[in-house]
Every structure is written in structure tokens, then in C-alpha cells.
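Here's the structure we're looking at; comments come further down.
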Amino acid sequence: MIPAAFRYERPGTLEEALRYLAEPEAKALAGGQSLLPLLRLRMAEPGLLVDIQDIAELAGIQSGAREVTLGALVRHVDLATSGPWRVLREAAEATGDRQVRRLGTIGGAVAHADPAGDLPAALLALGAVVEIVGPGGRREVPIGEFFLGPLMTVLGPDELVAALRLPLPGSGSGSSYRKLRQAASGFALVGVGAMVRLEAGRCVDAGIGVTGVGLAPYAAETAREKLIGTVLSAADVELALAAILEGADVQGDPYASSEYRGKMCRVLAAEAIAGARAEAQGE
Ligand SMILES: Cc1cc2nc3c(=O)[nH]c(=O)nc-3n(C[C@H](O)[C@H](O)[C@H](O)COP(=O)(O)OP(=O)(O)OC[C@H]3O[C@@H](n4cnc5c(N)ncnc54)[C@H](O)[C@@H]3O)c2cc1C
């Protein structure tokens, strides 16, 4: 289908972009990998597309002593091939195909809030912070509070994701992503990202992000808490897995029943935790 008519602007500065976004029916366009299909299906009909790809303030990766700031325009391909977080590399590599990874951006992937998005699960496991910019200035939202539902976030219509901030992995840290693909689309029927940090064989920090299961990607907080302080024995992990669906409205559809999704969530979480632990132990 041909998209409905729209005006197109390609601002060079953040200030200019925010001015355009303040107009009614304006929508940001980054890599276009989710928005353009919606336009073609006429599931979205914005009057104004604000193409943000030239805005230098939204681009690039900045490393600090304790954390790294990934600009909203950082592409999946860059996340897949570099960076110290294995869970993010694996989630980016598992996203779509080569063309999608070449064009899609991290800002678009979180702002779009696909209930089966891969990057959100990795970012939830790592405890990312979303930097948001709008007419009122800048604000920060922990990623666990960012997703509200299918394609819904805390972003206002006139706001942009400016960047994602991630803590650098300390020594003894490891992370991993596991995904069960829907055969035709390649999207996650279930995806789980896990991060653990070990000190003297004991888990002192952890994170688990789940996608494809509920109405939005979520952080499995109780499961994460149950890992901390343990030696990640089979019994410790089993206790955590029993809580992984807590608070999730587990979805069923023709591709996977809610029972199957729930079961596969526990299977993939066990694998992701094992992968994270192996990396943390230098394996
Ligand atoms: C064939 C195909 C296969 C795919 N497979 C997968 C997959 O396996 N896993 C997966 O997770 N995803 C998959 N995707 C989706 C895709 O990877 C991401 O959703 C997409 O890359 C989003 O980033 P973008 O830059 O393309 O965003 P766009 O499409 O440009 O925008 C998406 C939405 O985010 C908003 N937006 C974009 N950037 C910002 C910003 N900085 N601030 C505020 N709002 C913003 C837009 O207004 C729009 O609403 C697939 C897509 C295609 C076409």
C-alpha cells in the first residue's frame, strides 16, 4: 500500500528537531525499519515526518570511567560488532537481517517498544538508563520504567530518546542473550537477556530482561533478586526461574500458546543465566 501523504523535514540540530516535533501529528523517523512498514500499512499516518538521522547530538558512543553513553542513532550493526556487553552484541546480532541491522537504531528500537523487541531485553538485563530530551529539557528514566505496553512508552509525542546509558561491566561480570524465533518473521517468540556479576564465586549483581512474553519487554525483578547472594547452583537458578513470569501478562497466539511461551521463557532464561555465568568465570 502507498503511505498517506506527509510532509518531510530533515533538521540538522536537536533544537530544530524539537521545534518540528512540537507540531501536531509530527513523528520522528530514525532508521525507518519499524515506522516505514507501519506507514505502508497505513497503521500510522503522521502529518509530518521529522528525520533525525543528521543530528550529531544523537549520534556516537561516549565512554566514561564507569558507564558508556550510546547515542540514539547508534545502529544495530555497531552494537552487534563491538562493545563490552555480550548480551547486547548477541541481541543486536539476533535482530532482523543484515539490512535491518545496518539501518535500525537503538533509539528507534526502544522508542518503538515492540513487545518482542530484542534490544530491550538486553538493555533491561544491563539496567540501562534512557536519556530523554524534549521541550522541557532533559530527563532520565530507568529502562525498567520506560515501557508501558505494546508500542507504548513514557515518551511524550514531542520528546526524543537522546541516548542510552549503560554501566561498564566490572570484573567478574558476564551476560548473554537467548532467543526463540518465530520461523517466518524471525521476531522473538521469547527472548531472555541475563547479566550476572560474581565475587568469590557468589552472585553480587544480576539482571534479567524478558521479551516476547508479555505486553511489553520487562525486567524480571523477583527472579533477579533470587539470584543475588547465591552461588548460582542448579537449585538457586531453579528458584529464580520459578519467579520469572511474575507480573507478566503471558500472551498466547497462533504461533505459541501462553503455556508454551511461559515454559520456553524458563528454558531460555536458564540458558542465558548459564551463558552469563560462563563468561563471568572467564569461560
Ligand atoms: C524485516 C524486519 C525484521 C525485523 N526483525 C526484528 C527482530 O528480529 N527483532 C527486533 O527487535 N526488531 C526487528 N525489526 C524491527 C527493527 O529492528 C527495529 O524496531 C527498528 O530498527 C527500530 O529502529 P529504527 O531506527 O528503524 O526506528 P524507526 O522505524 O525510524 O522508528 C520506530 C519508532 O520509534 C520512533 N523513534 C525512532 N527514533 C526515535 C528517537 N530517537 N526518539 C523517539 N522516538 C524515536 C519513531 O517515531 C517510530 O515511532 C525488524 C524490522 C524489519 C523491517
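A short reminder: the numbers here are calculations on the coordinates, not readings from a lab. Fair warning: this is a prediction, and the values are worked out from it, not measured in the lab. Cβ: placed from backbone, ideal geometry, glycine included. Neighbour counts: every protein chain shown.
Okay, here's what the table says:
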quantity: ALA184, sole failed condition from (1) surrounded by 15 or more Cβ atoms within 10 Å (Cβ to Cβ); (2) within 16 Å of the ligand (Cβ to nearest atom); (3) on the phi < 0 side of the Ramachandran plot; calculated: (1)
quantity: All positions within segment 254-283 that are within 22 Å of the chain's Cα centre (by Cα), among the charged types (D, E, K, R) and over 18 Å from TYR218 (Cβ atoms); calculated: GLU271, ARG277, GLU279
quantity: Sole residue being under 18 Å from the mean Cα position of the chain (by Cα), under 24 Å from GLN62 (Cα atoms) and of a type in the set (A, V, I, L, M), chosen from LEU166, LEU215; calculated: LEU166
quantity: The one condition in (1) surrounded by fewer than 24 Cβ atoms within 10 Å (Cβ to Cβ); (2) within 12 Å of the ligand (Cβ to nearest atom); (3) under 14 Å from PRO115 (Cβ atoms) that ALA216 fails to fulfil; calculated: (2)
quantity: Members of segment 5-37 that are touching a helix residue (DSSP H, G or I) at 6+ places or on another chain (Cβ under 9 Å) and either touching a residue at least 60 places away in the same chain (Cβ under 8 Å) or within 11 Å of the ligand (Cβ to nearest atom) (or both); calculated: LEU14, ALA17, ALA26, LYS27, ALA28, LEU29, ALA30, GLY31, GLY32, GLN33, SER34, LEU35
quantity: Lone qualifier among LEU119, LEU155 - being surrounded by fewer than 24 Cβ atoms within 10 Å (Cβ to Cβ) and either within 11 Å of the ligand (Cβ to nearest atom) or in contact (Cβ under 8 Å) with a residue 60 or more places away in the chain (or both); calculated: LEU155
quantity: Given (1) out of contact with any Lys or Arg (no Cβ under 6 Å at 6 or more places or on another chain); (2) over 19 Å from LEU119 (Cβ atoms), index of the condition ALA248 fails; calculated: (2)
quantity: Top-ranked residue of segment 41-55 - restricted to ones that are surrounded by fewer than 15 Cβ atoms within 10 Å (Cβ to Cβ) and over 20 Å from ARG101 (Cα atoms), ranked as farthest from the ligand (Cβ to nearest atom); calculated: ARG42
quantity: Residues of segment 80-110 satisfying the condition of being within 15 Å of GLY191 (Cβ to Cβ) and within 11 Å of the ligand (Cβ to nearest atom); calculated: ALA91, ALA92, GLU93, ALA94, THR95, GLY96, ALA109, VAL110
